[in-house]
1. Round to the nearest 0.05 the FRET efficiency obtained for ARG178 and ASP36 when R0 = 35 Å and r is the Cβ-Cβ distance.
2. With each label point set 7 Å from Cα along the Cα-Cβ vector, what nm distance links VAL97 and ASP29?
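Since every read-out is calculated from the coordinates, none of them should be taken as a lab result. Note that the structure is predicted; figures quoted are calculated from it, not measured. Don't worry about glycine lacking a Cβ; one is built from the backbone with ideal geometry, like all the others, and counts go over all protein chains shown.
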Amino acid sequence: MTLSRFGPRCVMSEMDRAVELSLLHRLRDADTGAFDQIYDTFNARLYSFLARLSGRRDIAEDLVEETWLRLVSASATLAPDTRLAPWLFTVARNLYVSYCRSRGREQSYTSDVLLLWPDRLSPSPFDSALSNESEGRLKAALADLPVKYREALLLVGVEGLRPAEAAAACGISSEAFRQRLSRARAQLSEKWHREPKEATL
């Protein structure tokens with residue numbers, strides 16, 4: 001368990017490295033039990049990430065299903081030392097980018113996109129740590145960020161990826177990601193402090 005600015009949260013310690021390597025070995029041998037364990041560990045997190053990124057549950061459902069299909073397709077060729085969280089979140093993020101490109105649109109994210117935090121997701125430690133008063137303000141501030149900053153905050157702050165892993169998921173260098181994350185935090189802080197408390201009443 002580690003502490004973040006948003007309260008206690010579990011990171012990759014949910015699945016220690018020895019267990020992860022064992023699951024990878026079994027997955028590469030087409031063991032469906034290994035797939036089920038990986039699915040149980042990551043499915044809710046992937047869905048939550050995609051729902052928050054896209055702002056739409058139907059898109060998140062389609063993309064998380066495709067993410068699992070990609071894992072099944074790639075299972076026999078995964079490197080034995082693959083880290084599952086970065087691999088899965090990279091695939092999920094790239095599928096979302098492809099989805100946006102295929103529709104030829106640049107999504108706008110405004111403060112009224114409150115589906116960014118879907119109501120019926122299993123509450124994560126991050127969600128549970130938020131008070132009712134501050135949650136609305138955080139939703140609005142996060143929803144108003146450009147997608148590249150929002151995904152940086154979600155990957156590191158919510159999903160617990162290390163900055164180097166999140167950089168790989170976004171397809172940029174570690175230094176570029178550190179700068180992006182720093183700007184994201186600064187913009188979120190600015191938007192958070194600018195939002196009047198009355199807006200949540």
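1. Computed FRET efficiency for ARG178 and ASP36: 0.45.
2. In this crude spin-label approximation the distance works out to 3.5 nm.
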